[in-house]
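Novice: Quick one: the structure is below, and I'll ask about it shortly.
The values are calculated or read from the model by the stated rules, or taken from the named source; none is laboratory data. All values derive from a computational prediction rather than experimental measurement. Cβ coordinates were reconstructed from backbone atoms using ideal geometry, including for glycine residues, and neighbour counts include every protein chain displayed.
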């Protein structure tokens, strides 16, 4: 899902990686291998999912965290737009804003917080280097990344970067949690699993009050295609993921074929397939809550002749509602910015139908959560 890599962020990351590689190399020569509690987002509501009620085991301490957010909200103007739509958190892949920064001040004025995606960015660069060296794509497969712009050559270097990031941001009051996993290649299934556990251990060491959120992606179903690959779930581990985010978007396609009407925005078959894959790898709804991430973009991309199908207001509402009927305790929307967006791409910043879909989608989820808290079963659409 992550598509935003500005050159300034790459330059900063490259410098950071270079320093860490030097430190790790020196350490190898000398030694063997080397604020949710008070957040306004924590409500007193509880939810009993009609699909997962009766699950055994200890409930997650994050089950009442109502994350209503937007991805790649990167300017004060976009913060104001997101807040007006009812959002309370922003998901950012770059270095999180400080409270003193212009963006940080805008977030505070809007009473919003940040899900910090920097760890997932580090992991993406690590996997990019890995697929350029030890795990190349099989014949006919598309590469995971265009170029190895920020090479992270070892697990030790990656963990050093994550540790330093947690040390530097542990006292930042804007950070509510961490987005630690994003897109992954099908030919390298499960290779991030142990790393996610190590990330989680570090998060517990520095900021145990913040959840680690793992993302898993699919496409909405079309015809007999569920849009999901079981291998994507191989990275899931309850020891590494406090919450999961399921993002379900259409893929780029020929402009003449890019019709949202071809898709089932209730996502029934996709969600059922995703749930089955995750459950057989240890996912339990009550222990690892779910965030639904809906598509709030569409139209022409920067790639000639290729577009994303543009969901209507009704499509966005149906997708949001279905996520929450299937047990999501949070809802988010992607997104304001991406590196494949063209000036003609439709987003929450420039399309009123998308904006209205977000407003109505949030309202639908809040109604579902309120009804579930009162103990009234929800009927599936």
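Novice: Do the conditions hold for residue 226, that is, is it under 30 Å from residue 309 (Cβ atoms), buried (at least 18 other Cβ atoms within 10 Å of the Cβ) and over 17 Å from the mean Cα position of the chain (by Cα)?
Specialist: So residue 226 fits the description; yes.
Novice: Does segment 77-90 hold any residues that are in contact with a strand residue (DSSP E or B) (Cβ under 9 Å, 6 or more places away or on another chain) and closer than 16 Å to residue 349 by Cα, and which are they?
Specialist: Selection gives 78, 79, 81, 82, 85, 86, 87, 90.
Novice: Which residue out of 123, 159, 166 is over 23 Å from residue 68 (Cβ atoms), in contact with a strand residue (DSSP E or B) (Cβ under 7 Å, 6 or more places away or on another chain) and buried (at least 20 other Cβ atoms within 10 Å of the Cβ)?
Specialist: 123
Novice: Residue pairs, Cβ under 7 Å, 6 or more apart or interchain, first in segment 59-70 and modelled with pLDDT under 85, second part of a strand (DSSP E or B). List them.
Specialist: As it stands, the answer is 64/42, since those pairs meet every condition given.
Novice: Same structure again: Sort out which residues of segment 326-346 are surrounded by fewer than 24 Cβ atoms within 10 Å (Cβ to Cβ) and within 17 Å of residue 288 (Cα to Cα), and write them in order of number.
Specialist: 327
Novice: Another question, if that's okay. In this structure, does residue 197 turn out to be within 19 Å of the chain's Cα centre (by Cα), within 25 Å of residue 65 (Cα to Cα) and assigned to a helix (DSSP H, G or I)?
Specialist: When the stated conditions are applied, residue 197 passes them.
Novice: Output the residues belonging to segment 274-284 that are within 18 Å of residue 321 (Cα to Cα) and either surrounded by 24 or more Cβ atoms within 10 Å (Cβ to Cβ) or touching a helix residue (DSSP H, G or I) at 6+ places or on another chain (Cβ under 9 Å) (or both).
Specialist: The answer is 274, and nothing else.
Novice: Looking at (1) buried (at least 19 other Cβ atoms within 10 Å of the Cβ); (2) more than 20 Å from residue 72 (Cα to Cα); (3) in contact with a strand residue (DSSP E or B) (Cβ under 7 Å, 6 or more places away or on another chain), which is the one condition that is false for residue 306?
Specialist: (1)
Novice: Any residue in segment 126-133 that is in contact with a helix residue (DSSP H, G or I) (Cβ under 9 Å, 6 or more places away or on another chain) and either at pLDDT below 95 or crowded, with 21+ Cβ neighbours inside 10 Å (or both)?
Specialist: For segment 126-133, residues in contact with a helix residue (DSSP H, G or I) (Cβ under 9 Å, 6 or more places away or on another chain) and either at pLDDT below 95 or crowded, with 21+ Cβ neighbours inside 10 Å (or both): present.
Novice: Oh, and also: Looking at 162, 180, 185, 150, which is the one that is in a strand (DSSP E or B) and within 22 Å of the chain's Cα centre (by Cα)?
Specialist: Within the list 162, 180, 185, 150, the selection yields 180.
Novice: Checking the structure you have, find out if any residue of segment 241-250 is under 17 Å from residue 190 (Cα atoms), part of a loop (DSSP other than H, G, I, E, B) and modelled with pLDDT of 95 or more.
Specialist: yes
Novice: So, residue 299, is that one more than 18 Å from the chain's Cα centre (by Cα) and under 23 Å from residue 353 (Cβ atoms) or not?
Specialist: In short, yes.
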